[in-house]
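Chemist: Handing you a structure now.
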Amino acid sequence: MLTKEIYNSASHQWFMFGRDPEKPERIIDTNQFMITTKAHALLMDPGGIELFSAMLANVVKQVPVEQITHLFASHQDPDIISSLGLWDRALDNATLHAPWLWEGFLRHFGMNTIKFHGIPDEGYTLNLDGVSIQFIPAHYLHASGNFHVYDPRAKILMSGDVGAALEPPGMPLEVENFDEHVKLMTLFHQRWMPSNTAKNDWVERVSKLNIDKMCPQHGRIFTGDNVKRFLDWFHKLEVGTAIKAVDH
């Protein structure tokens with residue numbers, strides 16, 4: 001599994017984990033992210049159960065396991081959080097931050113040791129050794145209770161399924177040619193994002209943030225001007241259109 005440091009400062013670091021060549025066939029490739037500070041680590045959308053051993057092996061190369069005191073699940077999908085039951089056995093003192101709406105679903109993955117902190121619909125801010133990490137509402141994109149993670153100091157938005165692209169192995173880590181990348185994103189967003197109202201609300205909210213990197217759960221990272229290009233493209237895109245494919 002690839003480990004990539006995508007931000008480093010005196011206060012904290014960001015790491016990306018993914019592009020695992022040994023993952024089982026027909027398993028969707030996912031990007032996992034972690035923020036580390038002096039005493040804490042926040043592991044975000046830590047992945048499916050089948051990735052747990054690879055994730056744990058790579059995470060502990062960066063921080064001791066006891067430093068992982070916080071986890072985040074953007075929503076309830078198994079590709080991002082079905083490893084919860086195994087993390088529950090590995091971590092002695094951790095809290096899962098996730099949408100309050102999905103607590104009853106997430107507990108099916110196993111959560112006896114990890115504490116649950118439901119994120120209210122409006123979101124909130126988590127303080128990690130003086131670093132403020134914001135949980136930003138992204139409801140219906142694509143889950144009815146859904147959040148993204150924004151770090152104003154690093155200027156990074158972890159955007160979950162927004163900006164995702166399903167690609168073959170060996171693709172670059174960052175978007176290089178935006179117009180070409182659109183071809184890999186369009187159908188995914190039209191199918192998985194059900195509400196134009198929710199989409200436009202999210203675009204309006206996120207457009208007010210200062211973002212250098214937008215990091216989706218699948219595919220490549222958007223950097224620099226490609227962040228604004230994505231927001232403009234997504235705002236214009238008509239989503240929730242799969243119903244048109246149904247044969248009545």
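The values are calculated or read from the model by the stated rules, or taken from the named source; none is laboratory data. If you're wondering where the values come from, they're calculated on a predicted model, not measured in any experiment. All Cβ positions, glycine included, derive from the backbone under ideal geometry; neighbour counts span all protein chains shown. Note: areas computed on protein heavy atoms with side chains; ligands, DNA, RNA excluded. Shrake-Rupley method; radii C 1.70, N 1.55, O 1.52, S 1.80 Å.
Chemist: Restricting to region 214-230, and then to whatever is of a type in the set (S, T, N, Q) and surrounded by fewer than 23 Cβ atoms within 10 Å (Cβ to Cβ), can you tell me which residue is farthest from TRP192 (Cα to Cα)?
Modeler: Across region 214-230, the extreme among qualifying residues is THR223.
Chemist: Check region 125-132 and report whether any residue there is among the acidic types (Asp, Glu) and either open to solvent by less than 50 Å² (accessible area, probe 1.4 Å) or closer than 25 Å to PHE188 by Cβ (or both).
Modeler: Within region 125-132, the subset among the acidic types (Asp, Glu) is 129.
Now narrow it down to the ones that are either open to solvent by less than 50 Å² (accessible area, probe 1.4 Å) or closer than 25 Å to PHE188 by Cβ (or both): none.
Checking region 125-132: not a single residue is among the acidic types (Asp, Glu) and either open to solvent by less than 50 Å² (accessible area, probe 1.4 Å) or closer than 25 Å to PHE188 by Cβ (or both).
Chemist: Follow-up. So which residues in region 30-56 are more than 28 Å from ARG153 (Cα to Cα) and either under 18 Å from the mean Cα position of the chain (by Cα) or hydrophobic (A, V, I, L, M, F, W, C) (or both)? Break it down stepwise before answering.
Modeler: Let us first name the residues in region 30-56 that are more than 28 Å from ARG153 (Cα to Cα), namely 48-54.
GLY48, ILE49, GLU50, LEU51, PHE52, ALA54 - these are the residues of region 30-56 that are more than 28 Å from ARG153 (Cα to Cα) and either under 18 Å from the mean Cα position of the chain (by Cα) or hydrophobic (A, V, I, L, M, F, W, C) (or both).
Chemist: Then there's this: Name the single residue that is surrounded by the fewest Cβ atoms within 10 Å (Cβ to Cβ) among those in region 59-73 being in a loop (DSSP other than H, G, I, E, B) and touching a residue at least 24 places away in the same chain (Cβ under 8 Å).
Modeler: Among them, the one singled out is LYS61.
Chemist: Looking at ASN112, ASN93, can you tell me which residue is open to solvent by 50 Å² or more (accessible area, probe 1.4 Å), within 28 Å of PRO24 (Cα to Cα) and in contact (Cβ under 8 Å) with a residue 24 or more places away in the chain?
Modeler: Only one candidate qualifies: ASN112.
Chemist: Answer yes or no as to whether LYS4 is more than 21 Å from GLU174 (Cβ to Cβ) and open to solvent by 10 Å² or more (accessible area, probe 1.4 Å).
Modeler: Answer is no for this residue.
Chemist: SER159 versus (1) surrounded by 20 or more Cβ atoms within 10 Å (Cβ to Cβ); (2) among the polar types (S, T, N, Q); (3) in a helix (DSSP H, G or I): which is the lone unmet condition?
Modeler: Against the list (1) surrounded by 20 or more Cβ atoms within 10 Å (Cβ to Cβ); (2) among the polar types (S, T, N, Q); (3) in a helix (DSSP H, G or I), SER159 comes up short only on (3).
Chemist: Does ALA143 meet the test of being surrounded by fewer than 24 Cβ atoms within 10 Å (Cβ to Cβ) and under 12 Å from SER74 (Cα atoms)?
Modeler: yes
Chemist: Out of curiosity, is PHE234 over 13 Å from ALA138 (Cβ atoms) and touching a residue at least 40 places away in the same chain (Cβ under 8 Å)?
Modeler: no
Chemist: Suppose we keep only residues that are basic (Lys, Arg) and under 18 Å from ASP232 (Cα atoms) within region 164-205. Which one would you say is surrounded by the most Cβ atoms within 10 Å (Cβ to Cβ)?
Modeler: Residues of region 164-205 that are basic (Lys, Arg), as a first pass: 183, 191, 199, 205.
Okay, now just the ones that are also under 18 Å from ASP232 (Cα atoms), so 183, 199, 205.
Details: LYS183: 9, LYS199: 22, ARG205: 15.
The qualifying residue surrounded by the most Cβ atoms within 10 Å (Cβ to Cβ) is LYS199.
Yes/no matrix, rows are residues, columns are (1) within 21 Å of GLY219 (Cβ to Cβ); (2) in a helix (DSSP H, G or I); (3) not aromatic (Phe, Trp, Tyr):
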residue: GLU5; (1), (2), (3): yes, no, yes
residue: PHE17; (1), (2), (3): yes, no, no
residue: MET34; (1), (2), (3): yes, no, yes
residue: PRO46; (1), (2), (3): yes, no, yes
residue: ALA57; (1), (2), (3): no, yes, yes
residue: HIS75; (1), (2), (3): yes, no, yes
